[in-house]
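The values are calculated or read from the model by the stated rules, or taken from the named source; none is laboratory data. All figures in this text were calculated on a predicted structure; none of them were measured in a lab. Cβ placement follows ideal geometry from the backbone for every residue including glycine, while neighbour counts extend to all protein chains displayed. Just the protein is used for accessible areas: all its heavy atoms, side chains included, with ligands, DNA and RNA removed. Shrake-Rupley method; radii C 1.70, N 1.55, O 1.52, S 1.80 Å.
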Amino acid sequence: MAGPGLDRADGDLAIRVRDLRVSYGDFEAVRGIDLQVRRGEIFALLGTNGAGKTTTLEVLEGFGRRSGGEVSVLGLDPATDTAALRPRMGVQLQEGGFVEELTVLESLQLWQRMVDRRDEPQRLLERFELTTRRDVAVGKLSGGEKRRLDLAMAVWGSPELAVLDEPTTGLDPESRRRTWDAIQELQEAGRTVVLTTHYLEEAEALADRIAIMHEGRIAVSGSLSEIVAAQPAGFSATLPGPLDLPPLRGRAEHDGETLRVRTDDLQGDLTTFLTWAADRGVRLPDLRAAPASLADIYHGIRTEQ
Ligand code: ATP
């Protein structure tokens, strides 16, 4: 599903993907997806394990070959214009490819010589709280420290586009928070960020737009408010006993104790229900009404199949 107003001129887009397909032998891991990422936005790709997120990012990064479809990244084709794209793009892979014997500082110094963007190892050491680890061999870092070093290299020199595969997996809450700050700093500098995550709260906190993948396809996409608005909302209340409920537009379930209603017309159904309760003098001390959460939507996608 493309959100409203998404069909934009290419100039506004950092990434445009049409009908992308990627196969590994007979297995089609990505089954015809469309994506549009605007310049300057943070875009989060969510999904179940094996949904095809990493495979998709690898195509955008120029590391993976597509079997079909069109891909434009910063106006270039990552499959053929890899050399031209490389200096404009920061990439964090799911597994960093470090030289384990080099220290943290030596790794950043090596990076400084290899990457065509200017930055200072000292700035990154401070930014990612690696100053006290600067003389430690990379092979001896903890998983979270390696992840931070990986990210430091990806955001080196504030690239026009950063593609980050699970940037906060394995980080403690404080490091995660700081990583979010670093990602938001990129956006404040006008950069574009595409990331994958398994953390719904991360997508909610960071992303301007989201796509949720499942089994090689995009199940839903759009801004969080667009996605939530398109899903049924719900209300619940404790109501013991058999009920003679009024007709509701949504689907009501009553287990003899709790009433749960999922509906596309929250206001209408809630009004009907509250009128019904008031007419009968029924008290509803634990009445709750809420739009669908990202967690509900995610859960719905996983269980729909
Ligand atoms: P996760 O959240 O678990 O990291 P993902 O959404 O990133 O998953 P991918 O890593 O893109 O998923 O994998 C998509 C599918 O393709 C999976 O079923 C995976 O087993 C398969 N796959 C990935 N890489 C290869 C490969 N090199 N050869 C064969 N199959 C592969």
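For the chain, with a Gaussian network of springs between Cα atoms less than 10 Å apart, report the residue from 105, 57, 164 with the top mean-square fluctuation. Of 105, 57, 164, the most mobile in the Gaussian network model is 105.
Surface calculation, 1.4 Å probe, protein heavy atoms: residue 136 sits at approximately 30 Å² accessible. Take the Cα radius of gyration of the stretch 157-305 and divide it by 2.2 N^0.38 Å, N being the number of residues; the result is 1.39. When you filter the trypsin sites (Lys or Arg not before Pro) in the stretch 271-303 for DSSP loop state and at most 13 other Cβ atoms inside 10 Å of their Cβ, you are left with 283. With R₀ fixed at 35 Å, the C-beta to C-beta distance from residue 255 to residue 18 puts the FRET efficiency at about 0.15. Using a probe of 1.4 Å on the protein chains alone, the accessible area found for residue 24 is around 120 Å². Calculated from the alpha-carbon coordinates, the stretch 22-95 shows an Rg and a Dmax of 12.4, 37 Å respectively.
Its convex hull of Cα atoms gives the stretch 133-172 a direction-averaged projected area, equal to a quarter of the hull surface, of 3.3 nm².
Between residue 112 and residue 137, the contour length at 0.36 nm per residue exceeds the alpha carbon distance by 7.2 nm. Classify the stretch 244-291 as rounded, prolate or oblate, taking a ≥ b ≥ c as the square roots of the eigenvalues of its Cα gyration tensor: rounded when a/c is under 1.5, otherwise prolate if a/b is larger than b/c and oblate if not. Judged from the Cα gyration tensor, the stretch 244-291 comes out rounded (a/c under 1.5). Using C-alpha pairs below 8 Å separated by at least 6 residues, the relative contact order for the stretch 1-106 is 27 percent. Averaged per residue, the chain has 49 square angstrom of accessible surface, using a 1.4 angstrom probe with ligands and nucleic acids left out. Of the whole protein surface, residue 115 contributes about 30 Å² of accessible area at a 1.4 Å probe radius. Using the Stokes-Einstein relation with a Kirkwood hydrodynamic radius computed over Cα pairs, the translational diffusion coefficient of the stretch 41-170 at 20 °C and a viscosity of 1.002 mPa s comes to 137 µm²/s.
Accessible surface ranking for 89, 114, 1.4 angstrom probe, highest first: 114, 89. Averaging the sequence gap over all C-alpha pairs within less than 8 Å and six or more residues apart, then dividing by the number of residues, gives the chain a relative contact order of 20 percent. Length, then width, then depth: along the principal axes, the Cα atoms of the stretch 183-267 run 58, 27, 22 Å. Accessible surface comparison of 255, 119, 19, probe 1.4 Å, protein chains only, largest first: the order is 255, 19, 119. Under Stokes-Einstein, with the Kirkwood radius over Cα pairs as Rh, the value for the stretch 221-271 at 25 °C and 0.890 mPa s is 205 µm²/s.
Overall, the ratio between the Cα radius of gyration of the chain and 2.2 N^0.38 Å, rounded to two decimals, is 1.21.
Could you work out how far helix 173-188 tilts from the main Cα principal axis of the chain, as a 0 to 90 degree angle to the nearest 10? Approximately 80 degrees, to the nearest ten.
Protein-only accessible surface at a 1.4 angstrom probe places the residues 106, 95 in the order 95, 106, largest first.
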